[in-house]
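Below: one structure, written as structure tokens.
The values are calculated or read from the model by the stated rules, or taken from the named source; none is laboratory data. Since the structure is predicted, the reported quantities are computational estimates derived from the model, not experimental observations. Here Cβ is always computed from backbone atoms with ideal geometry, including for glycine, and neighbour counts include all displayed protein chains.
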Amino acid sequence: MRSGKKIAIIAVLILSILFLYACGDDDSIAKGKTQINFWGWGDQSEVAVFRQLVDYYNATNTDNIYVNYTQKPASGYETSMEQILSGSRGPDIFYVGDGSLKKWVELDLLYDITDLVAESEIIDLGEIWPTAVQRYRYDKTTRTSTPSSPLYALPKDIGPTVIYYNADAFRDVGVTIVSKDPDDPTVTENEMRGYNIEEKIFNNRIPMTWEEAEALAKLLTKSYNPASPTDYGYYTEWWFNYVWSIGGDVIAYDDGKWRFSLGDDRADGNLPSTREAFEYFVSLSTKLNISPKPNTISTVGKTNYFTSGKVAMMVDGRWSTVTIRKDAQFDWDVAPLPKHKDGVPAGHSGSMGFAIWKHSRRAREAFKFMEFMAGPAGQAEQAKTGFNIPNQISLAQSDVFLQPDQKPKNAQVFVDAAYYQTPGDWAYLPDSAWISVWAPTLNGAVLNGQMSVDEFFATFTDQTNEMLKRYAQ
Amino acid sequence: MASDLNYKKTTKPKYSKLGFFMAIIPLTGFAIFGLLPLLLSVVVSFFKPVGYRFPGMSFVGWDNYARVLRDPLFLKSIGNTLYAMLSIPVTLVLSLLIATILSNPKIKGKAIFRTIFFIPHVSSIVAVSLMWKWILDGEYGIVNHLLSFLGVKGPDWLGDSRTFMPAMIVMGVWGSLGFYVILFSAALTNVDPQLYEAAEIDGAGPFTKFVKITMPAISPVTFYLLVMSVIWGLQDFARFQIMAPGGGPDNAGLTMVYYLYNAGFTNIITYGMGIAAAVSWILTFVIAGVTALNFWGSRKWVAKS
């Protein structure tokens, strides 16, 4: 009797498992097709869009391809993927960040898609942001990235950085906001600047100069203007737009080797030196005090600092738009990054790409799917999430992305920025060892005002140069 | 008697075979997943592998070890690790104090107190770290909120290199206190009460009794905790990875194992698995050396059972 019961229980369990298995994936559509595995990550809304896209592709493609989509955790994605792709069971197509591309090429994990793209009838590189495509090119023999270097991924998107500003706070301190291009027939002389200091007019279509941004930030900083509704006027954690605006950079390639150049003090014409531009960036939180120090802004993060009304202007990427839409209880919009009065507009953008595994046995099928995702059809759907700008230039100019019914009203700023913004320093070299020498101290002691810029360069220039030698080996 | 002998003769070989087969499973597992990687890491520490792959790796001799020992970041990671280990003496003293108080028969609800103290020890390190990250937040953390009642503007504990490690030490003490209290409590209950009675007759006060009787009697447990916490302290990593992504302000959270992790994974192009393996063996020798030193020193203060 007892054994009969046991057999019955086991039989029920087996049947239940078989039933659950049968209720699982409906593989009928996959039968007889070449199956490829696609791994990605993202928040729920993005993943939902991707699932729909994959389902649509599976149902409609005429190439006899079936895509299995797997959502991977965002946390630890890079490290776990490196290990998986180094093994023998990697996915055929997956996400690669612009900061990981060179490292993954060096590790021999990515498939060179240069020829496939050249032969493609769907992918037109002329239609994709050149600033996005370029970051996925890399020649590992020379460790350089030129327009003729092999292409290893196609951009999924591009996320430029802009100033998010609290429009209510601006109005509270008597600033008038206008949104007029320089060629707008209605624009007046007073509105022809990013910020007219005398007239207190802010034009969100024109980049402010450093001086204008500083004056506006002081008006919105309590220590300068007790009537300011915000504690601080301005916050940025990145030096890129300051140093790049005057033509400088953090490293320079001289005589076949990399050199730490952030401390270069040679000025060029009317422009300040790289070091002076960098010092100005540091002074925002240490001398001018218009920007909160990193140890003031808290570990909760700058976006929260902005949405809680503590800082009036914050530099951040397109990826924060969704959070700000949800959390900000005030009127807000976006404006271009400040530039030096004699310099060029500059700033950094982030990007994620689609890449194919070097050892994939279905690389051509994976590329077919990549054509769909990185091409006009897939991009139109992805743009609706609002996270980042689609890779297709024409699509970014359309209402699909600009979403005129939603904030920010001045979304065109993102599109303008995508033309010139390039990746941050984390994408310069195959890994970030050279950054970890100096960046933690910059983001800590220097910006907190505990270490001077002179001490910073005295301590880290040689150390960083020593580390940079390893990239030439 | 004869039947006993027969029983042994017939059953002993059976048990030996069974025992052998039972042992061979974990032993095989250890050989494949423990011993083999261990030996491979020795080999790899003298080579420069290409990424994660062994084929094509080049022999570099002692270069990996030399590079690590010359790297200022590694030296900083040693300093950070030792700084973090300041939590060990604090925890030992505090937990002994708590265990002594709890050993007082007049205290009620001991089990509840012990449970409360032990909860952090059984909690997930990720959950605990995230909770502390919130507690110590400069803007929204409860610590600074409480300090604000006293008119003190608290710092961003985890964002400032000067306050980062003290905050981590407090977290470390809190996390390991319960385990120490439980072991000390068990040790204290095993101290022979007659020794205290005899000492009282001789006129010894509470302090003398504690120093002359309690301390020597529980010294084996104290020694065990000291050895283990030094080993755990030298291997400290997970909570730092969560609390100090990228190494924290001024690399204040870069411990030796965090450095190893960065070398093997984050910065695999410039460092690589060879250097990571070299760091792991340097760490092994440091742990072995410190533990040996502990054992050598223990002869002078640990009571023999």
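Restricting to region B:245-269, name every residue that is β-branched (V, I, T), within 12 Å of A:T79 (Cα to Cα) and either more than 7 Å from chain A (Cβ to nearest Cβ) or surrounded by fewer than 22 Cβ atoms within 10 Å (Cβ to Cβ) (or both).
The one that is β-branched (V, I, T), within 12 Å of A:T79 (Cα to Cα) and either more than 7 Å from chain A (Cβ to nearest Cβ) or surrounded by fewer than 22 Cβ atoms within 10 Å (Cβ to Cβ) (or both): B:T266.
Only one of B:T28, B:T81 is part of a helix (DSSP H, G or I), of a type in the set (S, T, N, Q), over 30 Å from A:L110 (Cα atoms) and touching an Asp or Glu at 6+ places or on another chain (Cβ under 9 Å). Can you tell me which?
Just a single option satisfies the conditions, and that option is B:T81.
Considering (1) within 30 Å of A:D254 (Cβ to Cβ); (2) crowded, with 18+ Cβ neighbours inside 10 Å, say which one A:D139 fails and leave the rest.
(2)
Do the conditions hold for A:T303, that is, is it away from chain B (no Cβ under 14 Å), surrounded by fewer than 20 Cβ atoms within 10 Å (Cβ to Cβ) and not in a loop (DSSP other than H, G, I, E, B)?
no
Just for region A:79-115: of the residues that are surrounded by fewer than 20 Cβ atoms within 10 Å (Cβ to Cβ) and without any contact (Cβ under 8 Å) to a residue 24 or more places away in the chain, which one is nearest to A:S148 (Cα to Cα)?
Per the stated criteria, the residue is A:D115.
Answer yes or no: is there a residue in region B:205-228 that is farther than 19 Å from A:S432 by Cβ, small (G, A, S) and either in a helix (DSSP H, G or I) or touching a residue at least 40 places away in the same chain (Cβ under 8 Å) (or both).
yes
Any chance region A:87-98 includes a residue that's within 14 Å of chain B (Cβ to nearest Cβ) and of a type in the set (A, V, I, L, M)?
Within region A:87-98, none of the residues are within 14 Å of chain B (Cβ to nearest Cβ) and of a type in the set (A, V, I, L, M).
How many residues does region A:311-360 contain that are part of a loop (DSSP other than H, G, I, E, B) and not aliphatic (A, V, I, L, M)?
Total meeting the criteria: 15.
Find the residue count for region B:84-104, including only residues that are of a type outside the set (V, I, T) and either outside the structural domain of B:V230 (by TED's automatic domain parsing) or over 13 Å from the mean Cα position of the chain (by Cα) (or both).
8
May I ask you to say which residue of B:P105, B:P55 is part of a strand (DSSP E or B), surrounded by fewer than 20 Cβ atoms within 10 Å (Cβ to Cβ) and either within 14 Å of chain A (Cβ to nearest Cβ) or out of contact with any helix residue (DSSP H, G or I) (no Cβ under 9 Å at 6 or more places or on another chain) (or both)?
B:P55
Within region B:273-294, restricting attention to residues that are surrounded by fewer than 24 Cβ atoms within 10 Å (Cβ to Cβ) and of a type outside the set (A, V, I, L, M, F, W, C), which residue is nearest to the chain's Cα centre (by Cα)?
B:T291
Which of (1) among the polar types (S, T, N, Q); (2) in contact with a Phe, Trp or Tyr (Cβ under 8 Å, 6 or more places away or on another chain); (3) crowded, with 24+ Cβ neighbours inside 10 Å; (4) closer than 25 Å to B:I268 by Cα is the odd one out, the single condition A:S432 does not satisfy?
Every listed condition holds for A:S432 apart from (3).
Of B:F179, B:F184, B:F118, B:F113, which residue is free of Cβ contacts under 8 Å to residues at least 60 places away in the same chain and either part of a helix (DSSP H, G or I) or within 14 Å of chain A (Cβ to nearest Cβ) (or both)?
Of B:F179, B:F184, B:F118, B:F113, the one residue that is free of Cβ contacts under 8 Å to residues at least 60 places away in the same chain and either part of a helix (DSSP H, G or I) or within 14 Å of chain A (Cβ to nearest Cβ) (or both) is B:F113.
Would you tally the residues in region B:121-168 being more than 9 Å from chain A (Cβ to nearest Cβ), hydroxyl-bearing (S, T, Y) and not in a loop (DSSP other than H, G, I, E, B)?
Qualifying residue count for the region: 2.
In region A:65-82, which residue that is among the polar types (S, T, N, Q) and in contact with a strand residue (DSSP E or B) (Cβ under 6 Å, 6 or more places away or on another chain) is farthest from A:W41 (Cα to Cα)?
Here the answer is A:N68.
With (1) under 21 Å from A:E365 (Cβ atoms); (2) in contact (Cβ under 8 Å) with a residue 24 or more places away in the chain as the list, and A:A118 as the residue in question, which single condition is left unmet?
With respect to (1) under 21 Å from A:E365 (Cβ atoms); (2) in contact (Cβ under 8 Å) with a residue 24 or more places away in the chain, A:A118 is out only on (2).
Residues being of a type in the set (S, T, Y), at pLDDT 95 or above and surrounded by fewer than 21 Cβ atoms within 10 Å (Cβ to Cβ): count how many of those fall in region B:58-91.
2
Assuming A:V250 fulfils every condition listed in (1) over 28 Å from the mean Cα position of the chain (by Cα); (2) at pLDDT 95 or above apart from one, which condition is it?
(1)
Within region B:58-78, track down each residue that is part of a loop (DSSP other than H, G, I, E, B) and within 14 Å of chain A (Cβ to nearest Cβ).
Hits for region B:58-78 are B:V60, B:D71.
State yes or no: is B:L38 within 21 Å of the chain's Cα centre (by Cα), surrounded by fewer than 17 Cβ atoms within 10 Å (Cβ to Cβ) and not assigned by TED's automatic domain parsing to the domain that holds B:I169?
When the stated conditions are applied, B:L38 passes them.
For region A:361-473, give me every one of the helices (runs of 4 or more DSSP H) that falls completely inside it and has 1 or more residues that are away from every other protein chain (no Cβ under 14 Å).
Ranges flagged: A:363-374, A:376-383, A:393-396, A:399-402, A:412-420, A:453-472.
For A:D333, work out the one condition from (1) at pLDDT 95 or above; (2) more than 19 Å from A:V415 (Cα to Cα); (3) of a type in the set (D, E) it doesn't fulfil.
It is condition (2) that A:D333 fails.
Do we find that A:V175 is at pLDDT 95 or above and within 22 Å of A:I93 (Cα to Cα) in this structure?
Answer is no for this residue.
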